[in-house]
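First comes the structure, then the notes that go with it.
What follows is calculated from the coordinates using simple rules that are stated; it is not laboratory data. Computed from a predicted structure; not experimentally measured. Cβ atoms come from the backbone with ideal geometry, glycine included; neighbour counts cover every protein chain shown.
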Amino acid sequence: MENMVRPIMTDTYWKNKNVLVTGCTGLLGSWLTIKLVENGANVIGLIRDLIPKSNLYLSGFHNRIETVRGSLTDYELLLRIFNEYEIEIVFHLAAQTIVTIANRSPLSTFESNIKGTWNLLEAAKQTDIVKKIVVASSDKAYGDHDRLPYDEEYPLQGRHPYDVSKSCVDLIAQSYYFTYKMPIAIARCGNIYGGGDLNFNRIIPGTIRSLYFKERPIIRSDGTPRRDYIYVEDAVNAYLTLAKGLDDKKIWGQPFNFSSENPVTVLAIVNEIINISPKSNLIPKILGKGKLMAEIHDQFLSSLKAKKLLNWDAHYSLKEGLSETVKWFTLFFDNQSR
């Protein structure tokens, strides 16, 4: 299923660099890993669970990286990875990312997200080889604020388990810069979507799956919450741009928002998917459960800082990104049914 991966331009900057990607089988991690490999990087992927339906495996790129099986909670394993593979650049993406799971099981979320981050940064601190670390935070790290869009000066005030875990990850990363002057930058993205997102309780892959199987897509809320949605290839470009930006020490320790800056309601994004889908005669079922537990109603970001300091901007419109995503999942479901 290698045709699931879009052709990409090569960037010689990454050639022969030893790059650790945690969370390489996830949505963002798989696309980032693929692009790094295409650009000639030596990628080491830390994998906790085998996920054969991951985009990394379906694309065949798992055969083109070094893989280490284990957990971020294993400090000695991380120390071994940094030393034995002579890691130069780190993309720390691994996390428990589902809000409902975090609410149901906060301890495992805190263990993975918070302890995993301090283990990784502490292990990196023990080496003198690591030149750059990009840590995945989230718009959820901000918690709930009245003024929109959020910029990087807003305080981090997560209240519920997942949001708190991302606030902590963000602050821990900043503390390792301010205390030890480590070459760290922090990425805060909106809702990343694209082919390979197998968490079907999320609105975009869940809607696409419902339409494929000729079922009415379900909206749990009343459809009015507004969110940022950023296509995965724009997010990959953001992470690579931020890592390269760390060549400038003025970037060290700083957080950056990455967003398409086109917030839309849940109902609007479902209707857009319906319009794109070849099976578009279905209408969404709106449950209207009111304010869902631990979900912020409106949340979106300003990317002005990334534009000014990194010369980064999103390239995919919502329609373009959703079209690519529908194509990926259509091929995915077609192959699954054979």
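Which three extents, in whole angstrom, do the alpha-carbon atoms of the range 118-277 cover along their principal axes, largest first?
Largest first, the range 118-277 extends 55, 32, 26 Å along its Cα principal axes.
Beyond 19 Å between alpha-carbons counts as too far, so tell me which of 249/308; 53/140; 181/250 fall in that bin.
53/140
Arrange the following residues from fewest to most other Cβ atoms within 10 Å of their Cβ: 73, 22, 207, 265.
Least to most surrounded, the residues fall as 73, 265, 22, 207.
Per-residue ellipticity at 222 nm for the chain, helices alone: DSSP H runs ≥ 4 residues times -39500 (n - 2.57), over residue total, nearest 500 deg cm²/dmol?
-11500 deg cm²/dmol
In what order do 48, 69 fall by count of nearby beta-carbon atoms within 10 Å, going from fewest to most?
69, 48
For the range 11-336, what are Rg and Dmax over the alpha carbons, in angstrom?
Final numbers for Rg and Dmax: 19.0, 59 Å.
Arranged by the count of other C-beta atoms within 10 angstrom, fewest first, what order do 160, 145 take?
In order of increasing Cβ crowding within 10 Å: 145, 160.
If I model a spin label at residue 250 and residue 105 as a point 7 Å from the Cα along the Cα→Cβ vector, what separation in nanometres do I get?
In this crude spin-label approximation the distance works out to 4.5 nm.
How much space per residue, in cubic angstrom, does the convex hull of the C-alpha atoms of the range 68-113 take up? Before the final figure, lay out the partial values.
Working: hull volume 3.4 nm³, N = 46.
Taking the convex hull of the Cα positions in the range 68-113, it is 73 Å³ per residue.
Loop-only GluC sites (Glu not before Pro) in the range 214-289, please: DSSP not H, G, I, E or B, and at most 11 other Cβ atoms within 10 Å.
Answer by residue number: there is no such site.
Please work out the C-alpha center-to-center distance from the range 305-332 to the range 133-190 and express it in whole Å.
Cα centroid to Cα centroid, the span is 22 Å.
Is the shape of the range 208-312 rounded, prolate or oblate, going by the alpha carbon gyration tensor and its root eigenvalues a ≥ b ≥ c, with a/c under 1.5 for rounded and a/b larger than b/c for prolate?
Prolate shape, in that a/c is at least 1.5 and a/b is the bigger ratio.
Considering only DSSP beta bridges with both partners in the range 11-336, what is the antiparallel share in %, to the nearest 5? Don't skip to the answer; put the middle values down first.
Details: 2 of 36 bridges.
Taking every DSSP beta bridge within the range 11-336, about 5 percent pair in antiparallel fashion.
Using only the alpha-carbon atoms of the range 27-74, report the extent along each of the three principal axes, biggest first, to the nearest angstrom.
So the extents along the principal axes, rounded to whole Å, are 30, 22, 18.
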